[in-house]
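Q: This structure is in structure tokens; I'll ask about it shortly.
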Amino acid sequence: MDPIRNPFAPGAGTPPPELAGRDDLRNALRIALERARIGRPAKSAMLVGLRGVGKTVLLDRIREDAEEVGIHTVRIEAPEGRSLPALLAPQLRQALLRLSQIEAAKDYAVRGLRALAGFAGKLKVTFADIEVGLDYAPEPGLADNGDLEHDLQALFEQVGLAAKSAKTALAIFIDELQYVDEPQLAALITAMHRTEQRQLPVVLVGAGLPQLRGQMGNAKSYAERLFDFPEIGPLPLPAARLAIERPLAKEGVDIEDDALEQILRVTQGYAYFLQQWGSHTWRAASQSPITKADVDTASVTAIAALDESFFRVRFDRLTPKEKKYLRAMAELGAGPHRSGDIAACFKAAVTSLAPTRSSLIVKGMVWSPNHGDTAFTVPMFDKFMKRIVPGQDWR
Ligand SMILES: Nc1ncnc2c1ncn2[C@@H]1O[C@H](COP(=O)(O)OP(=O)(O)OP(=O)(O)O)[C@@H](O)[C@H]1O
Ligand SMILES: [Mg+2]
């Protein structure tokens, strides 16, 4: 069918034609943000889930929902290798400048900008990557301690006061939060704790891999009480069906039942895979209705495309040892797997493999659902590993 009209959108953070199955969570966050705005306690939320389940697009949609009702937002993505204060500072500046346009909030916003000047000035010694325009002189003693945990608290407090006096809330969106290291995560949690204690309208909406929950708990033991950790998983069947059917229907295209069932079976409801199969099925089909034969043709090219993109980009970042570790895991199946079972695959001691396992966790390739267990963070990575490293020679 006409490739120009292909509605499906496989990609990283690419909005899908139909954001299926996430209404409850959007609604819960809409309520939390509205509560924050009127000064009621509102829990921040960390969206946790595997690669490609749709965390980023959900985060962005929640942000759009918030902006639509006049809540102020900032958004950052924590990449590997940049500090959280460096990412936050320019965004908070923008938020404060916007708030300073509101008459009722002007004084607090300006004080917030002074806090930011103190914050950036002192912390630049520790975080050399902080670069932010300064609009006002710092106020001695305001967020200029030089200690991240202390100064971030003071800064968030000022931002919260400014938002409160503007009768709005500030929602801070942070994607890939698992890449933020523990002391910085601890500072972020403490800052949120402070705004909560003072009932200031600041809400954090984060997203990250499943290990984020444990990382936050390690950084501050009360983090698990302070935040909700909604799990973003594969779409339940009715939602997965909608994700395929609706975009097709909008184009006036039907799909036969067994064709749709086949897509649901192979994708297991994983958002990225649904888009991938939707897109390749569209290309394979020559007319409506789409048949199971079209889906079978599409499966071949869809898997090949995944191998060259979604899976490949992750594989290429691995050292030979890490590849071998993941290949051993794949040998055992989808997982999770016990460390002992993985070690037994290459007749090695568990301790000798521990550094490899740790580096895979840091890279976000695996996580530990329970003590001593290891699981892939990329759905269906086991099958990919077996395709790219076939046979038994890897041992
Ligand atoms: N609810 C949904 N319904 C249909 N498609 C979706 C849904 N959510 C996400 N998608 C699609 O899934 C793909 C992956 O989405 P996204 O990049 O948000 O995932 P992610 O969880 O952030 O992945 P990663 O962990 O790799 O960053 C995109 O192509 C997106 O359009
Ligand atoms: Mg993402």
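The values are calculated or read from the model by the stated rules, or taken from the named source; none is laboratory data. Note that the coordinates shown come from a computational prediction; the quantities given were computed from them, not determined experimentally. Using ideal geometry, Cβ is built from the backbone for each residue, glycine included, and neighbour counts are taken over all protein chains shown. Accessible surface areas use protein heavy atoms only, side chains included; no ligands, DNA or RNA. Shrake-Rupley method; radii C 1.70, N 1.55, O 1.52, S 1.80 Å.
Q: Taking the Cα centre of region 243-395 as origin, sum charge times position over the Cβ atoms of Lys and Arg (+1) and Asp and Glu (-1), and report the length of that vector in debye to the nearest 20.
A: It comes to approximately 1000 debye.
Q: I want to check the label-to-label distance for R225 and E34. Put each point 7 Å from Cα in the C-beta direction and report it in nm to one decimal.
A: Label at R225, label at E34, 2.9 nm between them.
Q: Starting from the Cα of K292, draw a straight line to each of the aspartates and glutamates and keep only those under 17 Å, dropping any in the same chain fewer than 8 residues away.
A: Output for K292: E245, D254, E256, D257, D258, E261.
Q: Here's something else I'd like to know. Taking a virtual spin label 7 Å from the Cα of T319 along the C-beta vector, which residues in region 340-371 bring their backbone nitrogen under 13 Å of it?
A: Taking a point 7 Å out along Cα→Cβ of T319, the residues of region 340-371 whose backbone N falls under 13 Å are 353-363.
Q: Also, quick follow-up: Looking at the calculated P(r) for region 114-244, what percent of the C-alpha pair distances fall above 20 Å?
A: 53 percent
Q: Looking at the P(r) of region 306-395, how many percent of alpha-carbon pairs lie beyond 19 Å?
A: 30 percent
Q: Note down the magnitude of the dipole of the chain about its Cα centre, charges +1 on Lys and Arg C-beta and -1 on Asp and Glu C-beta and zero elsewhere, to the nearest 20 debye. Numbers along the way, then the final one.
A: Numbers: 49 positive and 49 negative charges, 144 e Å.
Here the size comes out at about 700 debye.
Q: Could you give the Stokes-Einstein D for region 203-306 in µm² per second, using the C-alpha Kirkwood radius, 37 °C, 0.692 mPa s?
A: 211 µm²/s
Q: Using just the Cα positions, wrap the chain in a convex hull and report its mean projected area in square nanometres, one decimal place. Don't skip to the answer; put the middle values down first.
A: Details: hull surface 84.2 nm².
Averaged projected hull area, Cα only: 21.0 nm².
Q: Got a number for carbon plus sulfur as a percent of the chain's accessible area, 1.4 Å probe?
A: 51 percent
Q: Right, next: For the pairs K124/K220; K43/K124; K124/K323; K43/K250, flag any whose C-alpha to C-alpha distance is greater than 28 Å.
A: Numbers: K124/K220 24 Å; K43/K124 31 Å; K124/K323 38 Å; K43/K250 37 Å.
Flagged as over cut-off: K43/K124; K124/K323; K43/K250.
Q: Give the distance, in whole Å, between the Cα centre of region 330-363 and the Cα centre of region 305-328.
A: Cα centres, region 330-363 to region 305-328: 15 Å.
Q: I'd like the distance between the alpha-carbon centres of region 247-294 and region 175-210, rounded to an integer number of Å.
A: Answer, in whole Å: 39.
Q: Now a separate question. Mind checking which of L47, A304, Q101 is farthest towards the positive end of the chain's charge dipole, using Cβ charges of +1 (Lys, Arg) and -1 (Asp, Glu) about the Cα centre?
A: L47
Q: Using unit Cβ charges (K, R positive; D, E negative) and no other charged atoms, how large, in debye to the nearest 20, is the dipole of region 67-176 about its Cα centre?
A: 400 debye
Q: Using only the Cα atoms of region 91-171, what do you get for the radius of gyration and for Dmax, in Å?
A: Final numbers for Rg and Dmax: 11.8, 35 Å.
Q: What's the extension gain from A12 to Q287 if we count 0.36 nm per residue and subtract their Cα-Cα distance?
A: On the way: separation 275, 0.36 × 275 = 99.00 nm, distance 2.87 nm.
So the extension gain works out to 96.1 nm.
Q: If you scale each eigenvalue of the Cα gyration tensor by 5 and take the root, what three semi-axes come out for region 48-202, rounded to whole angstrom and sorted largest first?
A: 23, 20, 13
Q: How many percent of DSSP beta bridges within the chain run antiparallel, rounded to 5?
A: Taking every DSSP beta bridge with both residues in the chain, the antiparallel ones total about 15 percent.
Q: While we're on this one: For K43 and D135, calculate 0.36 nm times their separation in residues minus their Cα-Cα distance, and state this gained length in nm to one decimal.
A: Length difference between fully extended and current span is 29.9 nm.
Q: Can you give the Kirkwood hydrodynamic radius of region 8-120 from its Cα pairs, in Å with one decimal?
A: After inverting the mean inverse Cα-Cα distance, the result is 16.2 Å.
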